[in-house]
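Q: Mind looking over this structure? Questions follow.
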Ligand SMILES: [Zn+2]
Ligand SMILES: [Zn+2]
């Protein structure tokens, strides 16, 4: 079971024009039996935490440390409860471990209280790198480096013959072959389709080459190349309102009828 808590890229974009798809930044829940796996700590994780009550046990995989993938953590209330057990998995970047980054984001002058002051959960931090294989009950999580400024990990969860790939913040280019190989035969591909090719190339607005994001046209190529069962567009541009997202999805559905655009609260049974 996959549930989307935050689907928006770069910055939260609340308001009536984005109410259907939602304005929270990346957070995806995957349930594999008793294992609760969470991808990213975007603002969507606040509501995820609220839905589980005061405490939970979870494995949280952080793709990378840009604000939109971290910012929800201080408001993830299970962290305040001593019965919670949370393991953070994430890459080491620029000499900093996942623990360094998570602790550092809750410090003056960025935040009023430190993690040490307020978090009471039993927490562990583990490094992940491309090629690692993390076993969580009957689920296995693997990781791949994708093209993004500062680096980013895509993850794949395998569970009882099914698999889901979470590939956000993945610009197309020199890692396309590896990503297609990594996503081969997945049941669900969650993919960064932030831009159109025209937006990306500067035909509409300033060019966005090197900004670390892909396009809906590329999402079709990756999904077809990897032969995935279902394509899910993700990391929606904050300027894209609900109607514009419907239109974007319409283009993708001409090629892949099953495609969907992730919406907050949506649940997919894989
Ligand atoms: Zn992002
Ligand atoms: Zn990013």
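Q: Taking the range 1-58, which residues are surrounded by fewer than 24 Cβ atoms within 10 Å (Cβ to Cβ) and within 16 Å of ligand 2 (Cβ to nearest atom)?
A: Those that are surrounded by fewer than 24 Cβ atoms within 10 Å (Cβ to Cβ) and within 16 Å of ligand 2 (Cβ to nearest atom): 10, 11, 12, 13.
Q: Could you please give the count of residues in the range 200-214 that are surrounded by fewer than 23 Cβ atoms within 10 Å (Cβ to Cβ) and either under 25 Å from residue 268 (Cβ atoms) or more than 16 Å from ligand 1 (Cβ to nearest atom) (or both)?
A: 8
Q: Quick one: which strands (runs of 3 or more DSSP E) lie wholly within the range 1-85 and hold at least 3 residues that are within 21 Å of residue 120 (Cα to Cα)? Talk me through it step by step, then tell me what you get.
A: Values: elements: 2-6, 27-32, 35-39, 57-61.
Those strands (runs of 3 or more DSSP E) span 35-39, 57-61.
Q: Limited to the range 130-151, what total is found for residues that are within 16 Å of ligand 1 (Cβ to nearest atom) and either out of contact with any helix residue (DSSP H, G or I) (no Cβ under 7 Å at 6 or more places or on another chain) or outside any strand (DSSP E or B) (or both)?
A: Applying the first criterion (within 16 Å of ligand 1 (Cβ to nearest atom)) to the range 130-151 yields 145-151.
Pick out the ones that are also either out of contact with any helix residue (DSSP H, G or I) (no Cβ under 7 Å at 6 or more places or on another chain) or outside any strand (DSSP E or B) (or both) and you get 145, 147-151.
Of the residues in the range 130-151, 6 are within 16 Å of ligand 1 (Cβ to nearest atom) and either out of contact with any helix residue (DSSP H, G or I) (no Cβ under 7 Å at 6 or more places or on another chain) or outside any strand (DSSP E or B) (or both).
Here is a yes/no grid of residues against (1) free of Cβ contacts under 8 Å to residues at least 60 places away in the same chain; (2) in contact with a strand residue (DSSP E or B) (Cβ under 7 Å, 6 or more places away or on another chain); (3) within 21 Å of residue 170 (Cβ to Cβ):
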{"residue": "16", "(1), (2), (3)": "yes, no, no"}
{"residue": "27", "(1), (2), (3)": "yes, yes, yes"}
{"residue": "34", "(1), (2), (3)": "no, no, no"}
{"residue": "39", "(1), (2), (3)": "no, yes, yes"}
{"residue": "44", "(1), (2), (3)": "no, yes, yes"}
{"residue": "61", "(1), (2), (3)": "no, yes, yes"}
{"residue": "66", "(1), (2), (3)": "no, no, yes"}
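Q: Name the residues in the range 68-96 that are in contact with a strand residue (DSSP E or B) (Cβ under 6 Å, 6 or more places away or on another chain), away from ligand 1 (no atom under 16 Å from the Cβ) and under 27 Å from residue 234 (Cα atoms), would you?
A: Correct list: 86, 87, 88, 89, 92.
Q: OK, next. Answer yes or no: is there a residue in the range 115-129 that is modelled with pLDDT under 95, within 16 Å of ligand 1 (Cβ to nearest atom) and in contact with a helix residue (DSSP H, G or I) (Cβ under 9 Å, 6 or more places away or on another chain).
A: Looking through the range 115-129, none of the residues is modelled with pLDDT under 95, within 16 Å of ligand 1 (Cβ to nearest atom) and in contact with a helix residue (DSSP H, G or I) (Cβ under 9 Å, 6 or more places away or on another chain).
Q: Mind checking which residues of the range 74-103 are without any contact (Cβ under 8 Å) to a residue 12 or more places away in the chain and surrounded by fewer than 14 Cβ atoms within 10 Å (Cβ to Cβ)?
A: 95
Q: For residue 22, all conditions in the list (1) under 29 Å from residue 245 (Cβ atoms); (2) away from ligand 1 (no atom under 16 Å from the Cβ); (3) more than 14 Å from the chain's Cα centre (by Cα) hold save one; what is the number of the exception?
A: Only one criterion is unmet by residue 22, namely (2).
Q: Something else: If a residue must be within 16 Å of ligand 2 (Cβ to nearest atom) and surrounded by 24 or more Cβ atoms within 10 Å (Cβ to Cβ), how many such residues does the range 144-178 contain? Show your work before the answer.
A: Looking only at the range 144-178, we keep the residues that are within 16 Å of ligand 2 (Cβ to nearest atom), and these are 144-155, 166-173, 175.
Checking the rest, the ones that are also surrounded by 24 or more Cβ atoms within 10 Å (Cβ to Cβ) come to 146, 152-155, 166-171.
Of the residues in the range 144-178, 11 are within 16 Å of ligand 2 (Cβ to nearest atom) and surrounded by 24 or more Cβ atoms within 10 Å (Cβ to Cβ).
Q: Next question, about the same structure. Working only within the range 187-216, note down all residues that are away from ligand 2 (no atom under 16 Å from the Cβ) and touching a residue at least 60 places away in the same chain (Cβ under 8 Å). Talk me through it step by step, then tell me what you get.
A: From the range 187-216, those away from ligand 2 (no atom under 16 Å from the Cβ) are 187-189, 196-199, 201-207, 216; that's our starting set.
Matches in the range 187-216: 187, 188.
The values are calculated or read from the model by the stated rules, or taken from the named source; none is laboratory data. These numbers were taken from a predicted model, which means no experiment stands behind them. Using ideal geometry, Cβ is built from the backbone for each residue, glycine included, and neighbour counts are taken over all protein chains shown.
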